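For reference, the structure discussed in these notes is given below.
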Amino acid sequence: MLWIDCPWCGPRPETEFRYGGEAHIARPEPAATDDAAWADYLFMRTNPKGVHAERWMHREGCRRWFNALRDTVSNDVVAIYPMGAPRPDASGDEAGDD
Amino acid sequence: MAEALAPRSPLAALADALAAVQAEGVTLAEQPARARLNLRLDPKDAEALTAAGAVLGGSLPRTPNTAATTVNGKTILWLGPDEWLVTGPAAEDAALEETLRGRLEGRHHALTDVSAMYATLALSGPRAREVLMKGCRLDLHPRAFAPGACVQTALARANVILHQAGDVPTYEITVRNSFAHYLGTWLLDAMAEYRPA
């Protein structure tokens with residue numbers, strides 16, 4: 001069981017949360033965007049092996065959204081930060097634990 | 001012709017089973033209907049917080065996972081950084097909503113009467129913690145969860161507001177109507193092992 005540190009409620013089991021996909025994807029202006037760029041915005045994700053910035057929501061608790069850096073190799077949550085904040089520097093944690 | 005509908009508890013079908021339950025060291029009972037108001041305020045708006053606190057007779061709890069009892073007999077449960085559940089006697093429901101709405105007039109807020117959305121069960125006794133531990137992943141040990149603690153979490157996969165109201169311990173479990181029968185049945189089953197021989 002993965003425990004996630006909700007910025008409001010504290011550590012809670014993963015099953016209380018909803019995953020919200022990759023963070024920091026800015027929506028382009030539809031009228032000024034061609035099909036290729038729009039498809040890129042809709043479907044293409046970075047899918048890294050290592051630290052991934054993603055959105056989570058504490059569905060069964062305070063129902064607030066927040067961002068997290070999670071290592072996709074070790075499943076460690078490296079950092080938790082508020083929506084709208086820039087991605088923090090996660091240097092040194094890139095390699096994961098195993 | 002319009003017909004007045006009598007309020008009916010979502011646990012009505014379990015009333016006989018709840019009345020007949022016998023267990024050593026733990027009791028389960030439905031709490032009488034109560035007023036419940038969901039209040040959302042900007043926590044940075046000190047004047048709005050003060051105005052709401054003045055109506056309720058105590059300040060809104062700002063610490064996550066806590067509840068506060070006021071001098072006016074209201075219990076205010078923390079639900080989120082800008083969200084609270086105000087509970088009080090059912091008879092005061094309409095008046096409380098009106099007074100709060102009046103005091104918060106012109107301030108950015110949301111006040112919703114959710115009295116009929118939930119049922120509350122009280123689980124009490126020295127073994128109440130053991131019963132809850134069968135379906136709750138949180139640490140309920142007194143060092144982590146004391147009287148006044150209030151969390152929203154999953155109990156037996158149902159979303160509940162779990163409030164420790166007393167140090168017996170007594171837990172008040174507030175659950176949505178549609179899950180009330182299921183959760184009541186689950187709690188009765190979880191208490192079965194403490195039935196006197």
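You can think of it this way: the chain between B:Glu24 and B:Ala2 has 3.2 nm of extra reach, that is 0.36 nm per residue less the Cα-Cα gap.
The value of relative contact order for chain B, using C-alpha pairs under 8 Å at least six residues apart, is 26 percent.
By the rule of a second cysteine Cβ within less than 4.7 angstrom, the protein assembly as shown holds isolated cysteines at A:Cys62, B:Cys136, B:Cys150. Averaging the sequence gap over all C-alpha pairs within less than 8 Å and six or more residues apart, then dividing by the number of residues, gives chain A a relative contact order of 24 percent.
With respect to chain B, whose longest principal axis is taken over its alpha-carbon atoms, helix B:46-56 is tilted by about 60°. Take the Cβ-Cβ distance between B:Asp189 and A:Leu2 as r, set R0 to 30 Å, and report the resulting FRET efficiency rounded to the nearest 0.05. Calculated value: 0.55. Rounded to the nearest whole Hz, the Karplus-based 3J(HN,Hα) values (6.51 cos²θ - 1.76 cosθ + 1.60, θ = phi - 60°) of region B:32-39 follow the sequence x, 3, 9, 6, 9, 10, 8, 10, with x at glycine and proline.
Rounded to the nearest 0.05, the FRET efficiency derived from the C-beta distance between B:Ala197 and B:Asp16 at R0 = 22 Å is 0.45. In terms of the mean number of neighbouring beta-carbon atoms within 10 Å, the peptides A:78-85, A:50-57, B:48-55 order highest first as A:50-57, B:48-55, A:78-85.
Per residue of B:81-91, other chain Cβ atoms within 10 Å of the residue Cβ number 1 on average. Shielding value for B:149-155 is 4, the average number of Cβ atoms from other chains within 10 Å of each residue's Cβ. Which of rounded, prolate or oblate describes chain B when judged by the alpha-carbon gyration tensor and an a/c cut-off of 1.5? Because a/c hits 1.5 or more and a/b fails to exceed b/c, chain B counts as oblate.
Rounded to the nearest 10 degrees, the angle from helix B:177-190 to the longest Cα principal axis of chain B is 30 degrees. Spin-label model, A:Phe43 to B:Asn177: label points 7 Å out along the Cα-to-beta-carbon direction sit 4.4 nm apart. Computed over region B:34-115, relative contact order equals 43 percent, with contacts defined as Cα pairs under 8 Å that lie 6+ residues apart.
For the peptide A:56-69, the mean number of other protein chain Cβ atoms found within 10 angstrom of a residue's Cβ is 3. Here the Karplus curve 6.51 cos²θ - 1.76 cosθ + 1.60, taken at θ = phi - 60°, turns the phi angles of region B:17-25 into couplings of 5, 5, 5, 8, 5, 10, 8, 7, x Hz, with x standing for Gly and Pro.
Read-outs throughout are calculated quantities, based only on the coordinates presented, and are distinct from any laboratory measurement. All figures in this text were calculated on a predicted structure; none of them were measured in a lab. Cβ sites come from the backbone with ideal geometry, for glycine too, and all protein chains shown count toward neighbours.
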